[in-house]
Amino acid sequence: MADGMISVDITSKSFDGMPVLGPISFRIAPGETLALVGPSGIGKSTLLRILAGIDPEFEGRVQRPGALSMVFQEPTLLPWRSVLHNLLIPHPELRPDAARTMLARVGIDGKETLFPGQLSLGQQRRLSLARAFACAPKMLIMDEPFVSLDPETAETMLRLTEALISEHHPATLFVTHDLREADRLASRVLTLKSTPSGAVLGP
Amino acid sequence: MADGMISVDITSKSFDGMPVLGPISFRIAPGETLALVGPSGIGKSTLLRILAGIDPEFEGRVQRPGALSMVFQEPTLLPWRSVLHNLLIPHPELRPDAARTMLARVGIDGKETLFPGQLSLGQQRRLSLARAFACAPKMLIMDEPFVSLDPETAETMLRLTEALISEHHPATLFVTHDLREADRLASRVLTLKSTPSGAVLGP
Amino acid sequence: MAASRLTPVLSLASMLALWVVAAGLTNDAQILPTPWQLLPLFAQEFASGDLLTHLGATLVRVLWAFTLAMSLGTVLGLIMGRSTATNRWLDPWLVIFLNLPALVLIVLCYLWIGLTEAAAITAVTLNKVPNVAVVIREGARALDPDLDAMAKVYRMSWWTRQRHVVFPQLAPFVAAAARSGVAVIWKIVLVVEFLGRSSGVGFQIHLHFQLFDVAMVLVYAFAFIGVMLTVEWLLLQPAERRSRRWRTA
Amino acid sequence: MAASRLTPVLSLASMLALWVVAAGLTNDAQILPTPWQLLPLFAQEFASGDLLTHLGATLVRVLWAFTLAMSLGTVLGLIMGRSTATNRWLDPWLVIFLNLPALVLIVLCYLWIGLTEAAAITAVTLNKVPNVAVVIREGARALDPDLDAMAKVYRMSWWTRQRHVVFPQLAPFVAAAARSGVAVIWKIVLVVEFLGRSSGVGFQIHLHFQLFDVAMVLVYAFAFIGVMLTVEWLLLQPAERRSRRWRTA
Amino acid sequence: EDLPTIRAAVLKIGTVNWELATITDNGLDRKNGFILDVQPFADNGATRIAVEGGAADMAVADWIWVARQRAAGKDYVFIPYSKAVGGVVVPADSTAQSIQDLAGGKIGIAGGPLDKSWLILRAYAQQQYGMDLKADTEQVFGAPPLIFKSAMGGDYAGAINFWHFLAKNKASGMRELVSVAEAGKALGLDADTPLLGYYMKESFLSEHPALAQAFFEASRAAKDKLASSDAAWEAIRPRMNAASDAQFEQLKSDWIAGIPARAPVDVQAAEKMLALMSTLGGPELVGKATSLPDGLFAVVK
Ligand SMILES: Nc1ncnc2c1ncn2[C@@H]1O[C@H](COP(=O)(O)OP(=O)(O)OP(=O)(O)O)[C@@H](O)[C@H]1O
Ligand SMILES: Nc1ncnc2c1ncn2[C@@H]1O[C@H](COP(=O)(O)OP(=O)(O)OP(=O)(O)O)[C@@H](O)[C@H]1O
Ligand SMILES: [Mg+2]
Ligand SMILES: [Mg+2]
């Protein structure tokens, strides 16, 4: 297999005997961006969690690089650490001024010393984006990264994502409900569709 | 003032001395639906929390009916109670079969006995919608109710909202980033824009 | 499943083995008798009815004090955790009662109320309430304000709010307070019993300690521990598993 | 702000008032002396140096036992809370040690190790570790799995994870265990001291209790409580306020 | 019949029970016009709380303690019971011949630094050998059972304990170096002054004027019985916790040796002893009782 190639070969995944994912198999090349779409509750987040190595309880095999970043569907910040430290703690190698630049790029400069609970939800989501972008990951996984943002901010984030992907060339997989977003960022779109034995990749 | 009229007269609202909302004043008539738009972090949720009576620390006056329902920006469910009980506990007067019907209308039938943590985020959001709709509120406050949903589910939810509003005629205020949503549901759109003394209603 | 049911048994067996080894090394039945040296003593105390009488007396006291201390302590802790103003008023009292030696409280209770059962239970309760309050207060401080807001918006009744919103969040703190609570209460009951009662496990333990009869001390101590293990396995753990189901699901 | 600073002082004053009333009602200086009857005794014990010597000895023991019990108990509680398998193995031991009467452990420690300082501190530590573990275990069970996942994805080091992810979630449990912990430890130190040490507040309290000298018992009890109130106000509360800032902000 | 009842709070395993059981078993209480109701407790402290809290009328203490309480305002009155005191025992293989030979060793002491036996032995060492027992030895204070057990294990050069623990130590081969009674005699104290006794509240006694004498009669009758009859000892043997015949015999003979002569307490001898205790123990020990409080000893003969 090509170096850095990401391969997903899931036979099945179920919760308490209820199948959620059926046989799913795909590859992502380094530098390639894939969108994942599908109705609410079909299993997109489940697939992402398996891919990221968070959920080891499935049948099948996944091959992924070590250095990966993830934007969770909810911000998942450390509520007891300041905005700045929420960047620095997962990235101890990051210089504070680089962290500040990153915060400015997602539009939450000047909030370094606040706690996440003092941010609006949109601001928290952007902080979580900044956290994923703050290093140069080999792989980027994002679960609906641009929701809860006004059109203008969403456009800024989209551009930022484009810039960072072209800078670091990570293999990227992201979930979205917005087909224009998928068109703009992704070279391929994976669609999950329901079958009795769990979700599989559709046409 | 007309019976049931909702009136908001905020002089100012600040966090730790930082002004967030400036002078804001508007009315909502019973049965009327208003959309609230504005960039991320401007103060939309703050305004909604004041209106709902959750945050009493502001300067000004708000008049609202007692029976109100709210869809929070995050699902805000009871993680330790089943899906069904998350409907029944806030609405003890609700009959279990009515609750089941409501779950079916938001598309999460068959999940009654699961805990919220076993739902996908989109399913949790729909449960939180069902909770808001399960009674006949005089006022309905919704903070980005249709995000994290695929276009088809979003359309279903939109229709459901329209149906319920025309059924119970609540005064409705909801936040959205989607102007088509605003156009479809609302008779008026309030826009928050930033000024040095906090956000005010714009043109 | 079968294996996991066996674990506690194996665990207890290994503890027993450790005891036998320790007893072997000590090699002095007066300091640490072997388990089988205790068996006839146990049988004798059981047959004479002494064991059950004293155990019963102690259990009644523990139960009363536990119920009182848990309910008073939980209420106090909740109020102090939710209201900063009340906390500022009551906190010094809490620190004082928390650190007042058990002996002082017990003696004062006995002298004021008399050497009665009521005095004994009051003394234990007063000793334990501050501990419970301190633990529950931390829980109350950690309550989720978003769920509070939700409960407010939906105008939940006071009772619904406590039962479905507050209590499940407090549950780990209540469990911690209850488990370490029973243990502390029973230890104070021991003191209360030797300072002014004529029955109970504490009375027997202290007597046999004064005679330096370690074997008998152990017989009574393990009788109580046996009860606690049973309560743990038959009541506490199943209840906890049920209330924790949402976490593991 | 000024008013809130005054509250603890007023609170203590009201407690003092209650004491004066109770002493007035009791009307027997041998059962409950008034506060001002204690002052000359306090001055006398302080001047003779006795108070400081014994208080110092007790504080050293409390500090040692506290440090040992908190660290061992936290590690044990964390492991048991996070691993169901380990928990099944260790839980029966925990219940046994939790409910083993202090007296039994203390006597065994003294007989095995000798009537030494090390035996005293070991006995107190062994008594307290299970309590701490039980509380921390509940905290470990309530840890947020989403944050765990985040820490895993971002490959945080073990230490970073403990410090920034795990510990802040355990903080309320640690605070609860620590506060009720010091209190319980000091109560066990009292027992340890009267059973086999020749110094310390517990030794003095027991001595004066045998002489039925309640005033002196109170002098020593309040000397320790005074230290605890000071620690509470100068160390614990500011530290807690800092670590709780994110909640109230 | 409405005989007055004396509720006695006693240590359930205390040696005083031997006498009290002999009284009740033989109906000596009713013969002397009262009913004895024995309430067992597990700790001496408990018996004192019981009397003070009004749950009992009588408990056992040494008269120096009673004097201290009386001087502090309590209306306690003392009725003599026993002159049995402790002493120092040394391990069987010890070469020590006098207390002087304990220098440099470890001494286990039951109770604290205010223990009366310890104080008297210190004064004795000072007087006889010019020795500062406190400075020349290392002391280990501990609960009586712990000292008893450690002494058996040979942990100490010498051990000071209550007489019934010493009796058991002796029964296992340990040797008494010097008894507190001898030491006291050397210091000029009257060895026949009964140190231990019963105490009751004066208010209780004044309700029943002849009760002190009646109780004293019963106590003496029991003592006479025990001093003369082996059968009486066999009757109480189950409550003596004697593990062997040797222990039983030792306990029996030491108890009989502790019976004081039938007489009122010699006030002058007591005064002398109190003065000595006051010098040795200071106000820590005797409190305000620097001299004998009036009415401390019940008028019994
Ligand atoms: N507790 C707080 N302390 C300090 N600042 C706060 C606090 N809560 C909110 N803010 C600030 O108030 C501003 C408005 O927040 P709000 O949540 O109302 O924004 P919003 O319009 O709802 O944004 P979004 O669309 O991202 O949800 C934000 O800049 C935020 O940083
Ligand atoms: N722990 C669990 N136990 C049982 N069922 C679960 C659990 N977690 C998820 N599920 C189920 O798995 C299905 C897929 O969930 P998932 O979160 O992957 O959906 P999704 O595609 O991400 O949806 P959304 O767009 O709403 O986020 C859902 O139907 C959900 O009910
Ligand atoms: Mg999802
Ligand atoms: Mg918002």
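Per-residue shielding of E:6-14, expressed as the average number of other chain Cβ atoms within 10 Å of the residue Cβ, stands at 2. Quick one: among A:163, A:99, A:52, which has the greatest mean-square fluctuation in a GNM of chain A with alpha-carbon springs under 10 angstrom? So, out of A:163, A:99, A:52, the one fluctuating most is A:163. A point 7 Å from Cα along Cα→Cβ stands in for residue D:50, and the other copies hold the same point at 3.9 nm, listed in rising order. What the Cα convex hull of region A:77-191 gives, in volume per residue, is 102 Å³.
Which log10 I(q)/I(0) values does the protein assembly as shown give at q = 0.04, 0.06 Å⁻¹ under the Debye formula, counting every alpha carbon as one identical point scatterer? Values returned for q = 0.04, 0.06 Å⁻¹ are -0.32, -0.64. Taking amide H positions as modeled 1.01 Å from N, with prolines and chain starts lacking one, the residues under 5 Å from residue B:191 and 5 or more places away or on another chain are B:37, B:202.
The label-point distance for residue E:231 and residue C:26, in a model that sets each label 7 Å from Cα toward Cβ, rounds to 4.3 nm. Highest-first packing order for the peptide set E:237-246, B:84-93 is B:84-93, E:237-246, based on the mean count of other beta carbon atoms within 10 Å.
Computed with the Debye formula from one identical point scatterer per Cα of region E:237-301, without solvent, the log10 of I(q)/I(0) at q = 0.23 Å⁻¹ comes to -0.90. Summing Cβ point charges (Lys, Arg +1; Asp, Glu -1) relative to the Cα centre of chain D gives a dipole of roughly 1200 debye.
For residue E:134, give me every one of the lysines with a C-alpha distance below 17 angstrom, ignoring sequence neighbours fewer than eight places off in its own chain. Cross-link targets: E:106, E:116. Counting only alpha carbon atoms, the long axis of helix E:211-228 and the longest principal axis of chain E meet at about 60°. Sorting C:155-165, A:56-66, B:131-141 by average packing, meaning the other beta carbons within 10 Å per residue, from highest down gives B:131-141, C:155-165, A:56-66. A Gaussian network model of chain C, with springs between Cα atoms under 10 Å, assigns the largest mean-square fluctuation among C:232, C:138, C:193 to C:232.
Against chain E, whose longest principal axis comes from its Cα atoms, helix E:16-25 is set at around 30 degrees.
Per-residue shielding of B:39-49, expressed as the average number of other chain Cβ atoms within 10 Å of the residue Cβ, stands at 5. Size descriptors for region E:100-180 (Cα atoms only): Rg and Dmax, in that order, 11.7, 32 Å. Tell me, how many Å apart are the Cα centres for region B:70-141 and for region C:79-136? If you average the Cα positions of each part, the centres end up 43 Å apart.
Residue separation of residue D:242 and residue D:53 scaled by 0.36 nm, minus their Cα-Cα distance, works out to 64.6 nm of gained length.
With Cα atoms as the point set, the radius of gyration and Dmax of chain B evaluate to 17.0, 52 Å. Highest mean packing first, where packing is the average number of other Cβ atoms within 10 Å per residue, the peptides E:21-28, D:27-34, C:116-123, D:236-243 line up as C:116-123, E:21-28, D:27-34, D:236-243.
Each other copy places its own label point for residue B:162 at 3.4 nm from this one, sorted shortest first, where the point lies 7 Å along the Cα-to-beta carbon line.
Sequence-ordered 3J(HN,Hα) estimates for region A:65-81 from the Karplus curve with 6.51, -1.76 and 1.60 and θ = phi - 60° stand at x, x, 7, 10, 10, 9, 9, 6, 5, 10, x, 6, 9, 8, x, 9, 10 Hz, glycine and proline given as x.
Rounded to the nearest 20 debye, the dipole size of the protein assembly as shown about its Cα centre is 2320 debye, using +1 on the Cβ of Lys and Arg and -1 on the Cβ of Asp and Glu.
Spread over its residues, the convex hull of the C-alpha atoms of region C:41-248 is 140 Å³ per residue. The magnitude of the dipole of region B:97-203, with charges of +1 and -1 set on the Cβ of Lys/Arg and Asp/Glu and taken from the Cα centre, is near 260 debye. Taking a point 7 Å from the Cα of residue E:207 along the Cα-to-Cβ direction, the residues of region E:15-49 with backbone N closer than 17 Å to it are E:34-39. Max-minus-min Cα coordinates of chain E on each principal axis give 63, 44, 31 Å, with the largest extent listed first. Shielding of peptide B:141-148 by partners, expressed as the average count of other chain Cβ atoms within 10 Å per residue Cβ, is 3.
How are the alpha carbon pair distances in region D:80-148 distributed across 5 Å bins from zero to the largest one, expressed in percent? P(r) for region D:80-148, in whole percents per bin: 3, 16, 20, 18, 14, 12, 8, 4, 3, 1, 0. When the pairs E:185/E:252; E:12/E:225; A:111/D:152; A:13/A:193; E:31/E:225 are compared against a 19 Å limit on Cα-Cα distance, E:185/E:252; E:12/E:225; A:111/D:152 fall above it. Membrane-span-like helices in chain D (whole DSSP H runs, Cα extent of at least 24 Å along the helix axis, mean Kyte-Doolittle hydropathy of at least 0.5): D:2-26, D:50-82, D:117-141, D:167-196, D:214-231.
Summing charges over all other residues whose Cβ lies under 15 Å from the Cβ of residue E:266, with Lys and Arg as +1 and Asp and Glu as -1, gives +2.
The largest-to-smallest principal axis extents of the Cα set in region D:1-117 are 57, 45, 28 Å.
Projecting the Cα atoms of E:3, E:17, E:66 onto the charge dipole of region E:3-73, computed from C-beta unit charges around the Cα centre, puts E:66 farthest toward the positive end.
GNM on chain B, alpha-carbon springs under 10 angstrom: the most fluctuating residue among B:69, B:12, B:187 is B:187.
Toward the positive end of the charge dipole of chain C, about the Cα centre and with charges on Cβ (Lys, Arg +1; Asp, Glu -1), which of C:110, C:126, C:81 goes farthest? Checking the options against the dipole of chain C, the answer is C:81.
How tilted is helix B:96-105 with respect to the longest principal axis of chain B? Cα atoms for both, answer in degrees (0 to 90, nearest 10). With both axes taken from Cα atoms, the answer is about 70 degrees.
Inter-copy label distances at residue B:112, shortest first and taken from points set 7 Å along Cα to Cβ: 5.5 nm. How high is the FRET efficiency between residue E:26 and residue D:234 when r is their beta carbon distance and R₀ equals 56 Å, given to the nearest 0.05? Working from the Cβ atoms, E equals 0.30.
Among E:42, E:26, C:231, flag the residue with its Cα farthest along the positive direction of the charge dipole of the protein assembly as shown, charges on Cβ as +1 for Lys/Arg and -1 for Asp/Glu. Working it through, the farthest residue towards the positive pole turns out to be C:231.
Since every read-out is calculated from the coordinates, none of them should be taken as a lab result. Just so we're clear, the structure is a prediction, and the values are computed from it rather than from any experiment. With ideal geometry, Cβ positions are generated from the backbone for all residues, glycine too; neighbour counts draw on all protein chains shown.
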